[in-house]
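S.K.: I'd like to ask some things about the structure below.
The values are calculated or read from the model by the stated rules, or taken from the named source; none is laboratory data. Since this is a predicted model, take the numbers as computed values, not measurements. Neighbour counts run over all protein chains shown; Cβ positions are idealised from the backbone, glycine included. We work out accessible area using only protein heavy atoms, side chains counted, and drop any ligands, DNA or RNA first. Shrake-Rupley method; radii C 1.70, N 1.55, O 1.52, S 1.80 Å.
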Amino acid sequence: DWLPWSLLLLSLTCDTGAFYVPGVAPINFHQNDPVEIKAVKLTSSRTQLPYEYYSLPFCQPNKITYKAENLGEVLRGDRIVNTPFQVLMNSEKKCEVLCGQSNKPVTLTVEQSRLVAERISEDYYVHLIADNLPVATRLELYSNRDGDDKKKEKDVQFEHGYRLGFTDVNKIYLHNHLSFILYYHREDLEEDREHTYRVVRFEVIPQSIRLEDLKADEKSSCTLPEGTNSSPQEIDPTKENQLYFTYSVHWEESDIKWASRWDTYLTMSDVQIHWFSIINSVVVVFFLSGILSMIIIRTLRKDIANYNKEDDIEDTMEESGWKLVHGDVFRPPQYPMILSSLLGSGIQLFCMILIVIFVAMLGMLSPSSRGALMTTACFLFMFMGVFGGFSAGRLYRTLKGHRWKKGAFCTATLYPGVVFGICFVLNCFIWGKHSSGAVPFPTMVALLCMWFGISLPLVYLGYYFGFRKQPYDNPVRTNQIPRQIPEQRWYMNRFVGILMAGILPFGAMFIELFFIFSAIWENQFYYLFGFLFLVFIILVVSCSQISIVMVYFQLCAEDYRWWWRNFLVSGGSAFYVLVYAIFYFVNKLDIVEFIPSLLYFGYTALMVLSFWLLTGTIGFYAAYMFVRKIYAAVKID
């Protein structure tokens, strides 16, 4: 009966544009009301280092004011700031000089020119927003399918932001004239009221026009050159450059409703692939899981029936199999404290990811509320410490641990400590580059306070109750003397197990991973959370099954040391994620410098570690339940 559910999920994903985030209300403008244009940041997928808008010598307003930001925006490197563009609702501007008098152009010093030239050659994009809508550049691609010129079809695609400039035959040109095209939707009102308007799209056409071709007059308005005879504005990094920054504003009426104004930004990538891949992986996983379940259930029934036959006890005891290790299967492993701490962090991650994806699927964390996703994830991780602590404490007690305070401290600091350490080292490098992607010191202190002020006490609280609770009851007693483990076959090796166990879960989510990677590294929006929820459920199912199969084979080979091994092997898909990340780096990104590469692999390491904890935890708990079930079903003398 998964079909109606999946249809419900898909109907939710299709409508994400339609219902809006609580707290984001539309702003109504009257004729000639000012529409404020703000700058967010400069980004480049080649360097992965965002910079704030005024790190380059753009025209500045009289007073620079930065918007107060939430945690997610700070971590993403957004620094939202006001700009000197004067845009009035539904009022056209032919051409206006942004700063500098008509007879005095802006002069860039040699230093500034070099910096601008460097940013242009690194493919930087500028991101502006008007009424919280990001600016987009329209790309019209002619797809000439029939070879007939008349039947050329235009494919319209959008790019986020606009290019800072372009290079042509070793010369560098700056886009110094921006033609803003804003679309409004007219709201219907009663007869006597004046109309109100809402901004529904924000496009820009950047142009490069050299100083000599722009004619400016006293009132800071200007005339654009006619036709195509103008030359672009070159930036020579070896000397001072003079230029005008100019802009024009054009308004068009649109029948896009305010509620669906984000759709243009979100349908930039192909959704067809998505459907295909999701259906593909659903079918494959259900098929495989059906086969696995049938085999395991039939084999187990046969095993249990054999083991429970009273009459020919002598024959069955000669057999090999998982019943023989019943006296050792629940023998506590080495380092029980570290194992339970890692599993506690895994539970914490699992709860956080589940809630975030579910809430995002309901449209509450859409891209229009900037940074909401990151902020929610951080806070949820802190608050889920209770569940993490509880499960870790209970497991530690089951594994005959005694030092609960040390165990709780280990749970609260092991995984977050590694994450914080890696992020801190990477942050030092970003600081050195003066990028806005560096987390400011106050934010870092705030995060530390959250960790030690919210997360740590909650983990302790959960751990205390988990440790006091009745431990998990194991159905068979453990022998005093450990049994000898027979020599294992080559395919029971840990690494082979990781390779075998990782394929199925990775195959189920591999396309989704591509979209997530491009959202992180190529400044795309990721919004298909309904799909993601489906993929997450498939991932949980496939991890649990693979883990059960692996632990069954291991016990049949009379190797009872399954605790750590199962945790490692269940997280096998993380190894494939690492391989995929390297492939993505080589094939899709053109990162050449050292620091961007370091950032990429640093953050990839964090993703792989978190993913391993997540899948390992899912697999471990599935296997633990399975082992307790099968040993409860056989009679043991």
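S.K.: By what distance, in whole Å, do the Cα atoms of the stretch 491-540 stretch along each of the three principal axes, largest value first?
M.R.: 43, 23, 11
S.K.: If we sort 74-82, 168-176, 463-471 on the protection proxy, mean other Cβ atoms within 10 Å, highest first, what's the order?
M.R.: Descending mean neighbour count gives 74-82, 463-471, 168-176.
S.K.: Once phi is turned into ³J(HN,Hα) by the Karplus curve 6.51 cos²θ - 1.76 cosθ + 1.60 with θ = phi - 60°, what whole-Hz value does each residue of the stretch 324-330 show in order, with x for glycine and proline?
M.R.: Working through the residues one at a time gives 5, 9, 4, x, 10, 5, 9 Hz.
S.K.: For the stretch 334-472, what is the per residue volume of the convex hull drawn over the alpha-carbon atoms, in cubic angstrom?
M.R.: On the way: hull volume 15.9 nm³, N = 139.
Per residue, the Cα convex hull of the stretch 334-472 comes to 115 Å³.
S.K.: Still on this structure: How large is the accessible surface of residue 433 in square angstrom, using a 1.4 angstrom probe and rounding to the nearest 10?
M.R.: Taking all protein chains as shown, residue 433 has close to 70 Å².
S.K.: Can you give the convex hull volume per residue for the Cα atoms of the chain, as a whole number of Å³?
M.R.: Per-residue hull volume (Cα only) is 214 Å³.
S.K.: Also: Please list 280-290, 326-336 highest first by mean number of surrounding beta-carbon atoms within 10 Å per residue.
M.R.: Values: 280-290: 15.2, 326-336: 17.1.
By packing density, highest mean first, the sequence is 326-336, 280-290.
S.K.: Quick one: how many Å² of residue 394 are accessible to a 1.4 Å probe, rounded to 10?
M.R.: About 50 Å², rounded to the nearest 10.
S.K.: Could you work out, for the stretch 178-305, what percent of all Cα-Cα pairs fall into each 10 Å distance bin, beginning at 0 Å and stopping at the bin that holds the largest distance?
M.R.: Bins of 10 Å from zero give 9, 19, 16, 17, 13, 9, 8, 6, 3, 0 percent of pairs.
S.K.: Extending each Cα 7 Å along its Cβ direction at residue 331 and residue 167, get the distance between those two points in nm, one decimal.
M.R.: The answer from the label model is 6.4 nm.
S.K.: Just by accessible area at a 1.4 angstrom probe, what is the order of 215, 323 from largest to smallest? Numbers along the way, then the final one.
M.R.: Numbers: 215 125, 323 15 Å².
So the residues, ranked largest to smallest area, are 215, 323.
S.K.: Tell me, what is the percent relative contact order of the stretch 508-637, built from C-alpha pairs under 8 Å that lie six or more residues apart?
M.R.: Relative contact order, the stretch 508-637: 33 percent.
S.K.: Can you work out ³J(HN,Hα) from phi for every residue in the stretch 477-488, in order, using Karplus 6.51 cos²θ - 1.76 cosθ + 1.60 and θ = phi - 60°, giving whole Hz and x for Gly and Pro?
M.R.: Coupling constants for the stretch 477-488: 7, 8, 5, 5, 9, x, 7, 6, 9, x, 5, 8 Hz.
S.K.: Over the chain, what is the relative contact order in whole percent, taking alpha-carbon pairs under 8 Å and six or more residues apart?
M.R.: Working: 1100 pairs, mean separation 109.6, N = 637.
Answer for the chain is 17 percent.
S.K.: Order 254, 293, most accessible first, counting only protein heavy atoms with a 1.4 angstrom probe.
M.R.: Largest to smallest exposure gives the sequence 293, 254.
S.K.: Put 478, 223 in order of accessible area, largest first, 1.4 Å probe: what do you get?
M.R.: Descending accessible area places them as 223, 478.
S.K.: Gap in Å between the Cα centre of the stretch 188-231 and the Cα centre of the stretch 537-555?
M.R.: The two parts, judged by their Cα centres, are 61 Å apart.
S.K.: Given H placed on each backbone N at 1.01 Å, which residues far from residue 241 in sequence or on other chains put an amide H within less than 5 Å of it?
M.R.: Placed amide hydrogens put 108 under 5 Å from residue 241.
S.K.: What's the FRET efficiency of residue 306 with residue 280 using the Cβ-Cβ distance as r and R₀ = 41 Å, to the nearest 0.05?
M.R.: Result of the calculation: an efficiency of 0.55.
S.K.: Semi-axes of the stretch 33-267's equivalent ellipsoid from the Cα gyration tensor, sqrt of 5 times each eigenvalue, largest first, rounded to whole Å?
M.R.: Numbers: eigenvalues 162, 108, 90 Å².
Semi-axes (√(5λ), whole Å): 28, 23, 21.
S.K.: So, in nm, how far is label residue 32 from label residue 587 when the simple model puts each one 7 Å beyond its Cα toward the Cβ?
M.R.: With each label placed 7 Å out from Cα toward Cβ, I get 5.8 nm.
S.K.: So which lysines pass the test for residue 406, namely a Cα distance under 21 Å, with those fewer than 8 places away in the same chain ruled out?
M.R.: 469
S.K.: Right, here's the next one. Please tell me the relative contact order of the stretch 334-472 in percent, rounded to the nearest whole number, where contacts are Cα pairs under 8 Å and at least six residues apart.
M.R.: The normalised contact order for the stretch 334-472 reaches 39 percent.
S.K.: For a 25 Å ceiling on Cα separation, which of these pairs sit above it: 309/629; 171/239; 63/215; 323/400; 41/63; 38/94? All intermediate terms of the calculation are to be shown ahead of the outcome.
M.R.: Working: 309/629 19 Å; 171/239 14 Å; 63/215 28 Å; 323/400 23 Å; 41/63 18 Å; 38/94 21 Å.
Check vs 25 Å cut-off fails for 63/215.
S.K.: Any chance you could tell me what percent of the C-alpha pair distances in the stretch 425-536 go past 24 Å?
M.R.: Everything past 24 Å amounts to 70 percent.
S.K.: Compare the peptides 435-441, 303-309, 395-401 by average per-residue count of other Cβ atoms within 10 angstrom and give them in order, highest first.
M.R.: Highest to lowest by the protection proxy: 395-401, 435-441, 303-309.
S.K.: With a 1.4 Å probe and every protein chain kept in, tell me what percent of the accessible surface of the stretch 334-472 is carbon plus sulfur.
M.R.: Answer for the stretch 334-472 is 77 percent, counting heavy atoms of protein chains only.
S.K.: To the nearest 10 Å², what's residue 302's accessible area with a 1.4 Å probe?
M.R.: About 140 Å², ignoring ligands and nucleic acids.
S.K.: Note the full-extension length gain between residue 229 and residue 159 as 0.36 nm times their separation in residues minus their Cα-Cα distance, in nm to one decimal.
M.R.: 22.5 nm
S.K.: Using modelled amide H (1.01 Å from N, peptide plane; none on Pro or chain starts), what sits under 5 Å from the amide H of residue 368, excluding residues fewer than 5 places away?
M.R.: none
S.K.: Hey, what number do you get for the chain at 222 nm if only DSSP H runs of n ≥ 4 count, each worth -39500 (n - 2.57), divided across all residues, to the nearest 500?
M.R.: Value at 222 nm, helices only: -16000 deg cm²/dmol.
S.K.: Another one. Taking the Cα-to-Cβ direction at residue 441 and at residue 478 and moving 7 Å from each Cα, how far apart do the two end points lie in nm?
M.R.: 5.0
S.K.: For residue 121 and residue 449 in one chain, what is 0.36 nm times their gap in residues minus the Cα-Cα distance, to one decimal in nm? Mind showing how you got there, number by number?
M.R.: Values: separation 328, 0.36 × 328 = 118.08 nm, distance 4.05 nm.
Extra length from residue 121 to residue 449 when fully extended: 114.0 nm.
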